[in-house]
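Single-structure report; data block below.
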Amino acid sequence: MILLPRPQQMTMQEGCFCLTAETRLVLDPEARTALLCAQQVKEEILRFAGLSLEILCGAPRQGDIALSVLGGSPEGYRLEITPESVALAGNDEAGLLHGVQTLRQIVRQSGAALPATAITDAPIFPHRGFYHDVTRGRTPSLAWLKHLVDEACFYKLNQLQLYVEHTYLFRDLTELWSTGEPLTAEEIMELDDYCSQRHVELVPSLSSFGHLFELLNTKSYCHLCELEQAGGMESTMPYRMRHHTLNVSDPQSLTLVEGMLREFMPLFRSHQFNICADETFDLGKGRGRDAMAAAGEGAYYMDFVSKLCRIISESGRKPMFWGDIVVQHPDALACLPKDTICLNWGYSPNVTEEAARMLSQAGAVQYVCPGVSGWNRFMNRIPDSYENIRRMAAYGRKYGAIGLLNTDWGDFGHLNDPRFSLPGMIMGAHFSWSGEELSLDTMLEDISRLAYQDRSGKVTGWLALLQGCDVCSWWHLVEYREYVLGRADEDHGDVLAGVDLSGIEDANQRADNVAKGLTACIPHMDSTARCALHGWLVACEGIQVWNLTGAAIKEHRRDSAVAQRLERWLRQYELQWRQVSKESELWRIREMVRWYAAILRTGGCGVASK
C-alpha cells in the first residue's frame, strides 16, 4: 500500500474492513465543524468503492467509520482499521483532516476492502508549504487555484503562497494592472475561505523592494526607481526579471509600499506576511548610489527591510522575507523583529548546507525553500527537483528550520504548465512531513500509482526522462531574440552560438520515446487521470520543435516545415494554457512563436526582422 507522505508509524494487521451500504460516517459531536472531513471520505468512497454512505453525528456502531478529535500534539492523528470498524482520531481538527487524507489514499487503492492497519502519525516540520508564481506570465483561474489547494490538502501541506508583483487589482494603482488580468480582492478572499476550510494557510506574498518592474516603470512611480531610465523601458521577459528596485533613499518609496501592504494584508486570515525583498539587483546603482555608499550595502538593504518588517509586525503578523541578501550579512539579522522568518532558498540539485548552517548560527528563524525546477522548461526537471528537495529538507531538520516552502516559479513568461509541478509538490510534502528517505525510483513509482492512478507505475518515470531533452532551452531562445532585437539586458551575446547541435537528434528521439511511453501508460490509468496526456504530449512536441527551431536559426536555414509545426504546436499549447490560466500574458508565448516562424521562413539569424 502506497501512502504519501509516509506515516511515522504504521503496522499492517490481518484481515480487512469491508464497506457496505450500511456503513455510516459518524462524526463525534465535538468535531461537528469537521464536516468537510466526512464529506471528503464520502466522495472518495463513492468514486473508488461505488458506495454512497450517509454522514451522521453521535456515537458510532460496529461497522461504522468514526471520526473524532481527541487532543494531542498539533496536526497528529491515529487511524485504526480493524475487520469490525474504522476509527480515525485527530489530535486537533487539522490532524483529523490529515488522517482523512491517509484514509482517502487507502480507499483509492483498496476500494471497499480496507486492509487492517494501525497508523500513528504527525509531521516533522510544523509549516509545510507550496509557493506558486502568479506574476511572471500566468494569472491562474480561481477554479484552478482551488484545485491546487485540494492537491495541497491531499498531501498534508498546510501553507500556500502566491507570488504577486503587479497581478493584484490595487484600488488606485490603475497603471499597474491596466494591461493585465489581475487577481481581485474577491477572488483572494474566496480562495482564503477555501483554504481555511482545508486547514491550508493562505500566506500573503507581495514584492515590496526588488522585482517591481511594472510598478516602477509607470509614469506615476518611475521617479521612485533606482534606475533613472525607468518609465521608458520595454516590458520584456528578461528586463522584468532583473529590474526594478526601489530607491529607498527617497521617503516616498516607503510610503508607497506601506500603502500597498496595508491594502493587501486584510484579504488574508494569515498571521504571517512575506514581503519578498529578494534579488534587489539595482540597489545603489542609480539614484541611491550616494546613500548606499555612505551606509554600506548590507546596512542600506537591511534598514529598509527592517522598516517593512516592523510594519508587518506592528499589524500583529510575522514578517517573512527571502534570504538571498541577508546570508551575505548575517549579523544584520539582529535589527529585525525577533519573530521574522528568513526564507532560505536554493534550487540546485547540488545545493549545500552552508546557508542553513550560517542562518542557524546567526539565530535566525528559517524555512528551507527548495524548488520543483519547472521554470524556463516545457517539463519540470524531476530528478533535479527530487535531489534539491531531499537535500534542503535534510538541512532543515539538521539546523532547526521551522518550515519547508517548496517553490514553483514562472520565469520568462511562465512557459511551464503548473500541473506538471505535481510530482515536485508531492516530494516536498513527503520530505517535510516524514523523516523516511525514499529513493527517486521509489518516489516516481509511488507518485505514478497514487497521483496518476497508473497501475503500471511508470508514467512519472517517463516524465522524468524529459530532463535534458531541451538542448535549445526556452532561456536560450528568449535571450537570443533579445540579443537580435538589440535589447539584451546582460552581455550573453549570441547564446545559440554555444549550443551543441550534435545532441538535438538524440534529444528529440528521446522526447519522442517519452511521448510513446506516456501513451502506453494510458490504458493503465484511471479514466479521470487520462486527460493529462494531452498536456504531456504538448510538452514533448514543444521540446522537439523548439530544438529544431534553434538549430535552423543557428545554421541560418530556411525551414517552413518547422515554422508550420511551431504554429501547430502553439495552437495546442494555447488550449492547455486556458484550462488553468486566464489569458494573462499568453501573448508573450505567441509573440515568440510568430517571431521565430517568420525567421524560419526567411532564413538568416533574425536580424532582418528587427
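The values are calculated or read from the model by the stated rules, or taken from the named source; none is laboratory data. All figures in this text were calculated on a predicted structure; none of them were measured in a lab. Glycine gets a Cβ as well: all are built from the backbone with ideal geometry, and neighbour counts include every protein chain shown. Just the protein is used for accessible areas: all its heavy atoms, side chains included, with ligands, DNA and RNA removed. Shrake-Rupley method; radii C 1.70, N 1.55, O 1.52, S 1.80 Å.
Structural remarks
- Leading residue by the ranking (farthest from PRO115 (Cα to Cα)) among those in the range 1-52 that are over 36 Å from the mean Cα position of the chain (by Cα) and open to solvent by 80 Å² or more (accessible area, probe 1.4 Å): GLU22
- Residue list for the range 53-63, restricted to those being surrounded by fewer than 20 Cβ atoms within 10 Å (Cβ to Cβ) and not in a strand (DSSP E or B): GLY58, ALA59, PRO60, ARG61, GLN62, GLY63
- Total residues in the range 223-250, condition open to solvent by 30 Å² or more (accessible area, probe 1.4 Å) and at pLDDT 95 or above: 3
- Given (1) crowded, with 17+ Cβ neighbours inside 10 Å; (2) more than 25 Å from the chain's Cα centre (by Cα), number of the condition GLY71 does not satisfy: (1)
- Looking across SER207, SER253, one residue alone is open to solvent by less than 10 Å² (accessible area, probe 1.4 Å), farther than 28 Å from GLN159 by Cα and polar (S, T, N, Q). It is SER253.
- A Cβ distance below 7 Å, combined with a sequence gap of six or more or placement on separate chains, defines the contacts here; from the range 566-579, residues that are modelled with pLDDT of 95 or more reach residues that are part of a helix (DSSP H, G or I) and among the charged types (D, E, K, R) in the pairs TRP569/GLU541; LEU570/ARG590.
- Residue in the range 281-303 that is under 22 Å from ARG357 (Cα atoms), of a type outside the set (Asp, Glu) and within 21 Å of the chain's Cα centre (by Cα) present: no
- Filter result for ASP491 (charged (D, E, K, R) and without any contact (Cβ under 8 Å) to a residue 40 or more places away in the chain): yes
- Of ARG594, ARG557, ARG590, all but one fail to be at pLDDT 95 or above and either touching an Asp or Glu at 6+ places or on another chain (Cβ under 7 Å) or open to solvent by 50 Å² or more (accessible area, probe 1.4 Å) (or both); the exception is ARG594.
- When every residue of the range 155-165 is checked against the conditions, at least one turns out to be over 19 Å from ASN274 (Cα atoms) and crowded, with 21+ Cβ neighbours inside 10 Å.
- Number of residues in the range 370-405 that are closer than 30 Å to HIS534 by Cα, among the aliphatic types (A, V, I, L, M) and in a loop (DSSP other than H, G, I, E, B) equals 2.
- All positions within the range 119-168 that are closer than 23 Å to GLU263 by Cα, touching a Pro at 6+ places or on another chain (Cβ under 9 Å) and of a type in the set (S, T, N, Q): THR139, GLN161, THR167
- Of residues in the range 276-295 being outside any helix (DSSP H, G or I) and free of Cβ contacts under 8 Å to residues at least 60 places away in the same chain, the one least open to solvent (accessible area, probe 1.4 Å): GLY284
- Residues in the range 22-39 that are within 15 Å of GLY90 (Cβ to Cβ) and either in contact with a Phe, Trp or Tyr (Cβ under 9 Å, 6 or more places away or on another chain) or β-branched (Val, Ile, Thr) (or both): VAL26, THR33.
- Of all the criteria given as (1) in contact with a Phe, Trp or Tyr (Cβ under 8 Å, 6 or more places away or on another chain); (2) open to solvent by less than 20 Å² (accessible area, probe 1.4 Å), the one not satisfied by ALA532 is (2).
- Near pairs, Cβ below 8 angstrom, 6+ apart or cross-chain, from the range 49-73 (more than 10 Å from LEU27 (Cα to Cα)) to any residue that is open to solvent by less than 60 Å² (accessible area, probe 1.4 Å) and of a type in the set (Ser, Thr, Tyr): LEU51/THR23; LEU53/THR23; GLN62/SER85; GLY63/THR23; GLY63/SER85; ASP64/THR23; ASP64/SER85
- Scanning the range 340-369 for residues that are within 21 Å of ARG138 (Cβ to Cβ) and outside any loop (DSSP other than H, G, I, E, B), we see that the one that is least open to solvent (accessible area, probe 1.4 Å) is CYS369.
- As a summary of the residue check, GLY298 satisfies the conditions (1) part of a helix (DSSP H, G or I); (2) modelled with pLDDT of 95 or more except for the one numbered (2).
- Residue count, the range 81-95 (criterion: over 25 Å from the mean Cα position of the chain (by Cα) and open to solvent by less than 10 Å² (accessible area, probe 1.4 Å)): 4
- Once the range 439-458 is narrowed to residues that are among the aliphatic types (A, V, I, L, M) and farther than 18 Å from THR102 by Cα, the residue that is least open to solvent (accessible area, probe 1.4 Å) is LEU444.
- Close contacts from the range 360-375, counting a first residue that is within 30 Å of LEU477 (Cβ to Cβ) and a second that is surrounded by fewer than 20 Cβ atoms within 10 Å (Cβ to Cβ), with Cβ to Cβ under 6 Å and a gap of 6+ residues or different chains, come to GLY371/TYR347.
- Extreme residue, most open to solvent (accessible area, probe 1.4 Å), among residues of the range 323-339 that are over 9 Å from ALA362 (Cα atoms), touching a strand residue (DSSP E or B) at 6+ places or on another chain (Cβ under 8 Å) and part of a helix (DSSP H, G or I): VAL327
- Output for the range 178-204, where each listed residue is touching a strand residue (DSSP E or B) at 6+ places or on another chain (Cβ under 6 Å) and either open to solvent by 40 Å² or more (accessible area, probe 1.4 Å) or charged (D, E, K, R) (or both): ASP192, GLU201
- Here PHE273 clears all of (1) in a helix (DSSP H, G or I); (2) surrounded by 22 or more Cβ atoms within 10 Å (Cβ to Cβ) except the condition numbered (1).
- Subset tally (residues that are within 19 Å of MET379 (Cα to Cα) and in a helix (DSSP H, G or I)) for the range 447-478: 14
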